[in-house]
Amino acid sequence: MRLLVVEDEQRIANAIKKGLVQEAFAVDVAYDGEEGYDLASSESYDAIILDRLLPGMDGVTVCQKLREHNNHTLILILTAKGQLNDRVEGLNAGADDYLVKPFAFEELLARVRALTRRPKKSLDVILKAGDLSLDSLRFEVKRGQKDIKLSAKEFALLEYLMRHPRQIFTKDQIIEHVWSYDSDVLPNTVEVYIGYLRNKIDEPFPHLAKLIHTVRGFGYKIE
């Protein structure tokens, strides 16, 4: 999943990014409201972690403008203000949840996971494709009863494909959702990682159906 963190305190923003990347999220960071709004408007994210007090454009305004332009990306507002009226203002602006500073990273992670499970059935914890299963909380992948060890990026790519079974994705679409905005990723990098997944998910099981498919001229899918 791909997240956007909009936080002007760089130490906090970078700490949040580091923690989320370790949990296999792709994360972009903006340090002011205008940059955050521009990224949220032009890129595709599964959720936005948005500080309320930002230079340039405050978080409530960012949230309102996104909703006015029919951007329904899930938004979690971070605020140092715990008063009821401040929380209500953020929620009335269109935010989906809020978290008061200071907070434990574990709570932020739990809230992000809870948010991204809301919209549709495909955001389940356990994903399946044939006899392949992926546990998005425990970072466990199995084919049948055999455990499969994946790197963080391999896991993120597989999770993205498994959340959209039978859907074909181009290399650019995969890069957009699995890698961060500032990552120096070329299309052939996707080929390399698809190859890594095949070597772990399909090749060791020659008597079972192949799960990862190339659709020539279009992209990749899992089925």
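We did not get these values from a lab; they are worked out from the coordinates using the rules stated. As the structure is a prediction and not an experimental result, all values here were calculated from the model. Note that each Cβ is placed from the backbone with ideal geometry, even for glycine, and that neighbours are counted across all protein chains shown.
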- Excluding Thr61 itself, calculate the net charge of residues whose Cβ lies under 13 Å from the Cβ of Thr61, where each Lys or Arg counts +1 and each Asp or Glu counts -1. -3
- Message: Antiparallel versus total DSSP beta bridges in the chain: what percent is that, nearest 5?
- Response: 45 percent
- Note on the structure: Around Gln145 (Cβ within 15 Å, Cβ-to-Cβ, excluding Gln145; K/R +1, D/E -1) the net charge comes to +1
- Note on the structure: 1/(1 + (r/R0)^6) with r = Cβ-Cβ of Glu191 and Glu223, R0 = 22 Å, i.e. FRET efficiency to nearest 0.05, evaluates to 0.75
- Message: Test of understanding: in a Gaussian network model of the chain with alpha carbons linked when under 10 Å, which of Glu140, Glu203, Glu159 would top the mean-square fluctuation ranking?
- Response: Glu203
- Query: How far apart, in nm, are the 7 Å Cα→Cβ label points at Ser151 and Asp131?
  - Reply: 2.8 nm
- Note on the structure: XL table Lys153/Lys200; Lys18/Lys149; Lys128/Lys200; Lys149/Lys210; Lys17/Lys128; Cα-Cα > 24 Å flagged, in table order, is Lys17/Lys128
- Calculated from DSSP helices alone, with each H run of at least 4 adding -39500 (n - 2.57) and the total divided by the residues of the chain, [θ]222 nm to the nearest 500 comes to -12000 deg cm²/dmol
- Distance in Å, no decimals, from the C-alpha centre of segment 24-50 to the one of segment 184-223 is 29 Å
